[in-house]
Amino acid sequence: MSDFPRLLIIAFAVAVDATAVASSASLTYRDFRRGDAFRMAAAFGFSQGVMAFLGWLGGVSVIRYIEAWDHWVTFAVLSILGVHMVREALRPDDERPLRRLTMAVLLSLSLATSIDAMAVGVTFGLLRTNVALSCLLISAITFVGALVAGIVGRRLGDRFGKRLEIAGGLLLIAIGVQILYSHLRG
């Protein structure tokens, strides 16, 4: 079980962006509920684990094709959502529609935040890591982080409103820029 501490660190590292996105997304939807936080956490946790498994399955030969554009997709999705959040926050309340967290939004956010998990999954084969345990840890930690972030984000949103929604949108844009920058300089 000497791999466990390393796997735990990897799982937390992979879950960070999904947790941040869950917190920001919870601010976007005026009618966001605990059930939405649970759905988002489940979608994020599932996609992170599956993508890590697919990365392991696909191996190094496939990841080099995905690696060429994964950071652009992540940057685009997070930036578009971030800009949308800021624009919505700046609209007067009477012009803001009451929106639900749709399956399309959940799928796009899940994909955007889990592409890096696929790259991490490739390393599982190289490190001769227990793939099942690795994917399970990634899924579980992402689920818990996103659930807590969604619930806390909504409570803070109720208290601080538009300022947090703007900050959340800017945070999503910053995460997208950071991911893009780290891949381009790397």
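Residue pairs whose Cβ atoms lie under 6 Å apart, separated by 6 or more positions or on different chains, with the first residue in the range 16-43 and within 22 Å of Val83 (Cβ to Cβ) and the second basic (Lys, Arg), are Ser26/Arg154; Tyr29/Arg99; Phe32/Arg154. With respect to Ser61, is the statement that it is hydroxyl-bearing (Ser, Thr, Tyr), part of a helix (DSSP H, G or I), out of contact with any Ser or Thr (no Cβ under 6 Å at 6 or more places or on another chain) and modelled with pLDDT of 75 or more true? No: the conditions fail for Ser61. Would you confirm, using the coordinates I've provided, whether Leu98 is at pLDDT below 75, among the hydrophobic types (A, V, I, L, M, F, W, C) and over 27 Å from Leu180 (Cα atoms)? The answer is yes for Leu98. Comparison of Val148, Val152, Val144, Val177 shows that the only residue that is closer than 19 Å to Ser79 by Cβ, at pLDDT 85 or above and within 17 Å of the chain's Cα centre (by Cα) is Val177. In this structure, is Ala42 modelled with pLDDT of 85 or more, of a type in the set (A, V, I, L, M) and within 18 Å of Thr123 (Cβ to Cβ)? When the stated conditions are applied, Ala42 does not pass them. For the range 122-137, residues that are in contact with a Phe, Trp or Tyr (Cβ under 9 Å, 6 or more places away or on another chain), at pLDDT 85 or above and either among the aliphatic types (A, V, I, L, M) or assigned to a helix (DSSP H, G or I) (or both) total 6.
Among the residues of the range 37-58, those identified as touching a Gly at 6+ places or on another chain (Cβ under 7 Å) and under 17 Å from Arg154 (Cα atoms) are Ala37, Met40, Ala41.
In the set (1) within 30 Å of Leu57 (Cα to Cα); (2) surrounded by 15 or more Cβ atoms within 10 Å (Cβ to Cβ); (3) of a type outside the set (Phe, Trp, Tyr), the condition left unmet by Ser182 is number (2).
The values are calculated or read from the model by the stated rules, or taken from the named source; none is laboratory data. Here the structure is a predicted model, which means the values were calculated and not measured. All Cβ positions, glycine included, derive from the backbone under ideal geometry; neighbour counts span all protein chains shown.
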